[in-house]
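J.: My structure is below; once you've seen it, I'll send some questions.
The values are calculated or read from the model by the stated rules, or taken from the named source; none is laboratory data. Small disclaimer: the values here were computed from a predicted structure and weren't measured. Because the Cβ atoms are built from the backbone with ideal geometry, glycine has one as well, and the counts that use them run over all protein chains shown. Surface accessibility is based on the protein's heavy atoms, side chains included, excluding ligands, DNA and RNA. Shrake-Rupley method; radii C 1.70, N 1.55, O 1.52, S 1.80 Å.
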Amino acid sequence: AGVEYLTHRENDPAGQGEVGLFEGDQVVERKGYMTDLLADRAVQEIRMAAAAKTPFLLSLHFTAVHWPWQGPKSDPLPGSADLWNYDGGSLEIFGEMMQSMD
């Protein structure tokens, strides 16, 4: 399911969507921009594998850059916002999302 970049929750009219961030099969709650959280976790895994001198495979698929159009400086979407609304955004927000991913 799609989640917003800041709350990591599915949006619903009541603003109480389910958390969509997992480690394995466990739901986790973290603060931060989703793209940064994914990148930080990937770096952590790489460092652990390097320290252990073990082979590993990392396949990281960022959700950026696409809707919901939120950069690291954006406000969370209101609970009534439609996560699947493809309108909106701006070149500025797109740039923020791309810079975070890079």
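J.: Any idea which residue in the range 21-40 is nearest to the chain's Cα centre (by Cα), counting only those that are surrounded by 11 or more Cβ atoms within 10 Å (Cβ to Cβ) and part of a loop (DSSP other than H, G, I, E, B)?
T.: TYR33
J.: Let me ask something additional. Taking interchain pairs and intrachain pairs at least six residues apart, which have beta carbon atoms under 7 angstrom, with the first residue in the range 37-54 and on the phi > 0 side of the Ramachandran plot and the second open to solvent by 60 Å² or more (accessible area, probe 1.4 Å)?
T.: Once the first residue is on the phi > 0 side of the Ramachandran plot and sits in the range 37-54, no partner that is open to solvent by 60 Å² or more (accessible area, probe 1.4 Å) comes close enough.
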